[in-house]
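Enquirer: Please read through the structure below; I'll follow up with questions.
The values are calculated or read from the model by the stated rules, or taken from the named source; none is laboratory data. Bear in mind that the values here come from a model prediction, so they are computed numbers and not experimental data. Virtual Cβ from ideal backbone geometry, glycine too; neighbours counted across all protein chains shown. Ligands, DNA and RNA are excluded from the accessible area calculation, which covers all protein heavy atoms including side chains. Shrake-Rupley method; radii C 1.70, N 1.55, O 1.52, S 1.80 Å.
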Amino acid sequence: MASTYVSGLRLTVLFTVALLALGVPGRSMAQGPTDARVGNVRGIVTDRSAGVLPGVVVTATAGDGKTLDTTVTTSSGEFTFDRLPIGPVDLLFHLGGFDDGKVKVIVAPAAPVKVAQQLDLQAHTENVVVHGAPPLPPPPPRPVLASVADHDQDSVCGPAKAEGIVQARGTVMSRRDEKAQGFFAAGDELLIDGGSVTGLRVGQNFVVRRRYQTTLTDKKGLFVMGEHSSGLLQIVSVDDRASTAVVVYACDEMMSGDYLAPFEPEPLRDPDPAGVPAFEIAARVLFGDAGRSLGVTNGMLVIDRGAHQGIRPGQRITLFRRSRFSGAKPVVVGDAVVVAVRRESATVRVERATDAIFLGADGDWAAPQYPPQRASK
């Protein structure tokens, strides 16, 4: 009996040792297969400048859209999923102010899946509703000008010597659409003090002028008056004593108080061929435009010979200085071309100046050029 008890006890001990070596039945069988069916995913979320983004909600979903797990990125922008089923998993990223992100990963049991996700800022859109007064209607179109004859504009814009009483047809008052005084430019509509009773008619063109006092005196001791031309205008509407005109072009400063003078277009022409200066019948260079004390290239000057002395537009002029010594040859200081002619004076344009041209009673001279045959006579 004793040997049988000992044998049974020995068998019980051996069986217990075997069970302890194998482990507890059920736990090992459950733990092993479960670990083999899961894996982990780790990652970091940044913006476009590579700055980390904390607080991003990261959701892991299955292919059917079922949520598997959710986490939030840390202060360093990192996230971790420890137990996701192996196979394809969608990771969804959401943070206010950024576009949502999505990435598909394949979870494996062997090694963690590493993800680096970048989120872009949402495009900023804004609707602005502006309430205001409706825009003003466009101004009425300017009156269409009648065609103006081709002419040499220098013949209008150059200075001239005043001859006789001004025969003004009207006077510039102001712009038609305002009372402020000032200078006027091409296209401006002007109010004219003068109308049908002063002979104004629609379509007429007038030179706009004003007079100024020169430093010269005549034989009676009176100051010689010059005329400055400020531009050309055309009459577009007429009443009895008032009219409206449009500025065709401005030579320089057209202003209130300028008067209307007849427009006699001087056609464009080529200057005469160079000839021989007739020094013995030279004209005096009187003055330039208002405020000018010297003549220079492209400047406009007035001489004291005109149509009554045979001067004509297009004629060439030699500008010279007489010597203080008897018999000495004159010193040529430039060349000019006649652009406009009056009875006793003419306006010339300086084509070339080798020295400043002096004006007035003690100034330089202007010798008309003639063909060699006529000059020799």
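Enquirer: I need the full set of residues from segment 52-80 which are in contact (Cβ under 8 Å) with a residue 24 or more places away in the chain, outside any strand (DSSP E or B), of a type outside the set (A, V, I, L, M) and more than 13 Å from residue 115 (Cβ to Cβ), in order please.
Expert: Step one: list which residues in segment 52-80 are in contact (Cβ under 8 Å) with a residue 24 or more places away in the chain, which gives 52-53, 55-63, 73, 76-80.
Within this subset, residues satisfying the condition of being outside any strand (DSSP E or B) are 53, 55-56, 62-63, 73, 76-77.
Keeping just the survivors that are of a type outside the set (A, V, I, L, M) gives 55, 63, 73, 76-77.
If the condition is that a residue be in contact (Cβ under 8 Å) with a residue 24 or more places away in the chain, outside any strand (DSSP E or B), of a type outside the set (A, V, I, L, M) and more than 13 Å from residue 115 (Cβ to Cβ), then 55, 63, 76 are the ones that fit.
Enquirer: Can you say whether residue 71 is open to solvent by less than 60 Å² (accessible area, probe 1.4 Å), in contact with a Phe, Trp or Tyr (Cβ under 6 Å, 6 or more places away or on another chain) and polar (S, T, N, Q), as far as the supplied structure shows?
Expert: Working: open to solvent by less than 60 Å² (accessible area, probe 1.4 Å): yes; in contact with a Phe, Trp or Tyr (Cβ under 6 Å, 6 or more places away or on another chain): yes; polar (S, T, N, Q): yes.
Answer is yes for this residue.
Enquirer: Within segment 287-299, restricting attention to residues that are open to solvent by 20 Å² or more (accessible area, probe 1.4 Å) and at negative phi, which residue is modelled with the lowest pLDDT?
Expert: 290
Enquirer: Could you list all residues from segment 307-346 that are aliphatic (A, V, I, L, M), open to solvent by 10 Å² or more (accessible area, probe 1.4 Å) and under 21 Å from residue 230 (Cα atoms)?
Expert: Within segment 307-346, 340, 341 meet the criteria.
Enquirer: On the given criteria, is residue 304 over 30 Å from residue 192 (Cα atoms), open to solvent by 40 Å² or more (accessible area, probe 1.4 Å) and not basic (Lys, Arg)? It would help to see each step written out before you state the result.
Expert: Details: over 30 Å from residue 192 (Cα atoms): yes; open to solvent by 40 Å² or more (accessible area, probe 1.4 Å): yes; not basic (Lys, Arg): yes.
Criteria met by residue 304.
Enquirer: Another question, then. Select from segment 210-227 the residues that are touching a residue at least 24 places away in the same chain (Cβ under 8 Å) and touching a Phe, Trp or Tyr at 6+ places or on another chain (Cβ under 6 Å) and list them in ascending order.
Expert: 214, 226
Enquirer: Here is a follow-up. Out of 324, 316, I need the residue that is at pLDDT 95 or above and out of contact with any Ser or Thr (no Cβ under 8 Å at 6 or more places or on another chain). Which one? Walk me through how you get there before you give the answer.
Expert: Working: 324 fails: at pLDDT 95 or above.
Only one candidate passes the filter, namely 316.
Enquirer: In segment 98-115, how many residues are more than 50 Å from the chain's Cα centre (by Cα) and assigned to a strand (DSSP E or B)? Working first, answer last.
Expert: Narrowing segment 98-115 to residues more than 50 Å from the chain's Cα centre (by Cα): 103-115.
Subset that is assigned to a strand (DSSP E or B): 103-107, 113-115.
Of the residues in segment 98-115, 8 are more than 50 Å from the chain's Cα centre (by Cα) and assigned to a strand (DSSP E or B).
Enquirer: Are any of the residues in segment 133-145 open to solvent by 60 Å² or more (accessible area, probe 1.4 Å), modelled with pLDDT of 90 or more and part of a loop (DSSP other than H, G, I, E, B)? Quick ask: steps written out before the conclusion?
Expert: Our first condition is that a residue be open to solvent by 60 Å² or more (accessible area, probe 1.4 Å); within segment 133-145, this holds for 133-142, 144-145.
Restricting the remaining residues to those that are modelled with pLDDT of 90 or more gives none.
No, there is no match, as no residue in segment 133-145 is open to solvent by 60 Å² or more (accessible area, probe 1.4 Å), modelled with pLDDT of 90 or more and part of a loop (DSSP other than H, G, I, E, B).
Enquirer: Working only within segment 56-93, note down all residues that are more than 25 Å from residue 37 (Cβ to Cβ) and touching a Leu at 6+ places or on another chain (Cβ under 9 Å).
Expert: Of everything in segment 56-93, those that are more than 25 Å from residue 37 (Cβ to Cβ) and touching a Leu at 6+ places or on another chain (Cβ under 9 Å) turn out to be 56, 57, 73, 77, 93.
Enquirer: Checking residue 179 against (1) closer than 29 Å to residue 339 by Cβ; (2) modelled with pLDDT under 90, only one condition comes out false. Which one?
Expert: For residue 179, the failing item is (1).
Enquirer: Name the single residue, out of those in segment 74-104 being within 16 Å of residue 53 (Cβ to Cβ) and of a type in the set (A, V, I, L, M), that is least open to solvent (accessible area, probe 1.4 Å). Step through it out loud before you land on a result.
Expert: First, the residues of segment 74-104 that are within 16 Å of residue 53 (Cβ to Cβ): 74-80, 91-103.
From what is left, the residues that are of a type in the set (A, V, I, L, M) are 91-92, 95, 103.
Values: 91: 0, 92: 64, 95: 34, 103: 40 Å².
Going through the qualifying residues, I end up with 91.
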